[in-house]
Amino acid sequence: MSGLLEAAQRYAELGFPVFPCVPGRKTPLTPNGFHAATTDTEQIEAWWQQYPNANVAIPTSRLVVIDVDGPENPWLADQPERYDELASGCLAITPRGGKHFYFRPPDGTEFRCQTGQLAPKVDVRAGGGYVLAPPSIVGGKSYRWVEGLELDQPLERLRPLPSWLADVLTERRPQERSPPAGAAGDANPIPAGQRNGTLAHLAGAMRRVGMSRAEISAAINQANRDRCSPPLSPAEVEQIAASVSRYAPDQISVAVVENHFQQMVARAKPGEPLTFEAITSKQLNENEYELEYLINGILVRGQPGVIAGPKKTLKTNISIDLALSLSSGGRFLGHFEADLEVRVGVMSGESGAATIQETARRIAASKASRLQDFGNVIWSFALPQLNNAEHIEALHRFITTHRLDVLILDPTYLMMLGLGNDAGNLFAVGSFLKSLGDLAQATGCTPLLCHHLKKGVADPYEPAELENIAWAGFQEFVRQWILLNRRVRYDPDQGGHHELWMSVGGSAGHSGLWGLNVEEGTRQDIGGRRWQVDVLSAADAYAERIVAASDAADQRKQQQVEAKWRRQCEAVLEAMRRFPIGETPRAIREVAGINSRSIGPILEELLERGKIERCTVQKNTREETAYRLFAGGGGTGGT
């Protein structure tokens, strides 16, 4: 049993309902969010069998949890006795070093979630909200209980909320009529700069299922009061509801993709000049804009990226390795550790199902696993057209249905068939890419495009650079990249051996350069093809290339020496055919055009090979040692 499932069952046994959230995130996996929370152990076990790495969430409708953000929060620093009273109950430490203080509300009292009303970066989780509980993981770090202050007793035995804090919360409780049970949202705060867009997307989701303007208005007004910090004016919220309600339910998906709402809600009232929402430097400093790495130094969540390279640089294979590594929290290319387990979609329209299957099996085997064990990867052999609204809507359903965190699309050119001859037109290409960017923003999915590099690069065996990516618009669109190139010319005689550069970078500030030595083998090898990757530092890759170049030069030199020797041997044999009874080395040398230092070793080699034999010839009054072609005829033909 996993630690997450064990914790979920333990909380349920104590009477606290639980529900699963996306691994590494706070997003519910259940369609109805925290409303699906239960203490039913069979349902809990079924959830965590389906999502073994899901985070554990507890609704706070029967609790009051004080959420203090950050390890250095100054709240109550000047009132240590009150802080000690807080810390006497159940206490969890968050991944960022903040604190969750758990309390039982006073009898007959109901509180609702509040954001920043107690103090800056001090929130209240109560009715209409939920919290992640230990040992849930966010950003690669776990929530954990302070020793001795664990949640290990039922609600009725929890420490009650301190009276002074109950009084403060009662005074600051909103005066509006409380909504019906279950009407509030999940109470996650919406900071300034994101309020209009978030409320518009919530309204769009409600309109899609046929809710009326009045229903949408009531719901997003409640979300505005509960979650927006600070809340928008009622007039602004009503304008969002009115704008969204103008669309028929079946038009909403297209409107979301094309970002109609974001454009409309920027106007306070119809006919007024367009305005842009602003935040102060103080708000910019205090708002939480976190970068979350899926693979440290390689891949950031939520930013569109590209995997690009010329032909024979294994773009598809490396994309599959990336998908399997991300889905399992394994090591990308056997070297770069994935920080989280996430759900990945792979849409491939070029290689074919058989090739993808064979490649994925090999890569899975290299990770000591079977392909069927990678349940967090979803495969498709169809690609959308990025200029087709129906295709974009279908892609939206594909992402949301399978709850994808990352989507790899291979290759890009097959998704842009309507581009024609406009690949060099920034605005034409940008219109295709914008639809994908808007969809990624709407779903939270990280898109990765497999693309090619320009042809005719000055030095084809140096690391690729961002400006080498083919077609206009890509350099501007992508926020992170994995660029591949060959370090040496591909040699088909080497049987699946590849020497590559891999250059990575992104607007988040990460960058790196490595060499990859990949051994795939051939189908004729014992055991068939394989996937073996060695990752080299850039310095080692350059050194290896220098050594290889030196070895190649030595080999070429040796080949030249051997070729010259063979030519000289043939010249000697040809000269000896003119002397059937034999001739002295000097005479043979002169006819063959061989220097005096070489004739002796050549004749010795031909003797050993049985091409010639020794004899004597009469020169004036003396006999001299001579050579002739072997009497058996072995001197004819090749050397």
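The values are calculated or read from the model by the stated rules, or taken from the named source; none is laboratory data. Bear in mind that the values here come from a model prediction, so they are computed numbers and not experimental data. Note that each Cβ is placed from the backbone with ideal geometry, even for glycine, and that neighbours are counted across all protein chains shown. Ligands, DNA and RNA are excluded from the accessible area calculation, which covers all protein heavy atoms including side chains. Shrake-Rupley method; radii C 1.70, N 1.55, O 1.52, S 1.80 Å.
Odds and ends about this structure:
- Among the residues listed as 428, 464, the single one being aliphatic (A, V, I, L, M) and under 30 Å from residue 390 (Cβ atoms): 428
- Residue identified as closer than 30 Å to residue 503 by Cα and surrounded by fewer than 14 Cβ atoms within 10 Å (Cβ to Cβ) among 552, 631: 552
- Count of residues meeting criterion [polar (S, T, N, Q) and at pLDDT 90 or above] in the range 414-467: 1
- Residue satisfying all of: in the range 95-120; open to solvent by less than 20 Å² (accessible area, probe 1.4 Å) and not small (Gly, Ala, Ser); nearest to residue 162 (Cα to Cα) among these: 103
- Filter pass, residue 318 being open to solvent by less than 20 Å² (accessible area, probe 1.4 Å), among the aliphatic types (A, V, I, L, M), under 19 Å from residue 451 (Cβ atoms) and modelled with pLDDT of 95 or more: yes
- Test: residue in the range 269-276 that is at pLDDT 80 or above, among the aliphatic types (A, V, I, L, M) and closer than 25 Å to residue 437 by Cβ: no
- With respect to the conditions (1) surrounded by 19 or more Cβ atoms within 10 Å (Cβ to Cβ); (2) over 10 Å from residue 629 (Cα atoms); (3) not aromatic (Phe, Trp, Tyr), residue 576 lacks only one, and its number is (2).
- Looking only at residues of the range 282-297 that are of a type in the set (S, T, N, Q) and open to solvent by less than 100 Å² (accessible area, probe 1.4 Å), we find that the one that is modelled with the lowest pLDDT is 287.
- Near pairs, Cβ below 9 angstrom, 6+ apart or cross-chain, from the range 510-537 (within 17 Å of residue 359 (Cα to Cα) and hydroxyl-bearing (Ser, Thr, Tyr)) to any residue that is open to solvent by 30 Å² or more (accessible area, probe 1.4 Å) and in a loop (DSSP other than H, G, I, E, B): 522/529
- Within the range 372-425, being of a type in the set (Phe, Trp, Tyr), more than 10 Å from residue 345 (Cβ to Cβ) and open to solvent by 50 Å² or more (accessible area, probe 1.4 Å) holds for 381, 413.
- The range 504-521, residues that are in contact with a strand residue (DSSP E or B) (Cβ under 8 Å, 6 or more places away or on another chain) and open to solvent by 40 Å² or more (accessible area, probe 1.4 Å): 507, 511, 513, 514, 519
- Looking across 562, 623, 583, one residue alone is open to solvent by less than 50 Å² (accessible area, probe 1.4 Å) and acidic (Asp, Glu). It is 583.
- Restricting attention to the range 211-256, the residues that are assigned to a loop (DSSP other than H, G, I, E, B) and either at pLDDT below 75 or among the basic types (Lys, Arg) (or both) add up to 3.
- In the set 163, 142, only one residue is within 24 Å of residue 24 (Cα to Cα), open to solvent by 20 Å² or more (accessible area, probe 1.4 Å), polar (S, T, N, Q) and out of contact with any Lys or Arg (no Cβ under 7 Å at 6 or more places or on another chain); that residue is 142.
- Hey, residue 501 closer than 17 Å to residue 454 by Cα and either in contact with a His (Cβ under 6 Å, 6 or more places away or on another chain) or open to solvent by 50 Å² or more (accessible area, probe 1.4 Å) (or both) or not: no
Here's the yes/no breakdown for (1) over 17 Å from the mean Cα position of the chain (by Cα); (2) modelled with pLDDT under 95:
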| site | (1), (2) |
| --- | --- |
| 308 | no, no |
| 323 | no, no |
| 333 | no, no |
| 337 | no, yes |
| 340 | no, yes |
| 344 | no, no |
| 357 | yes, no |
| 362 | yes, no |
| 369 | yes, yes |
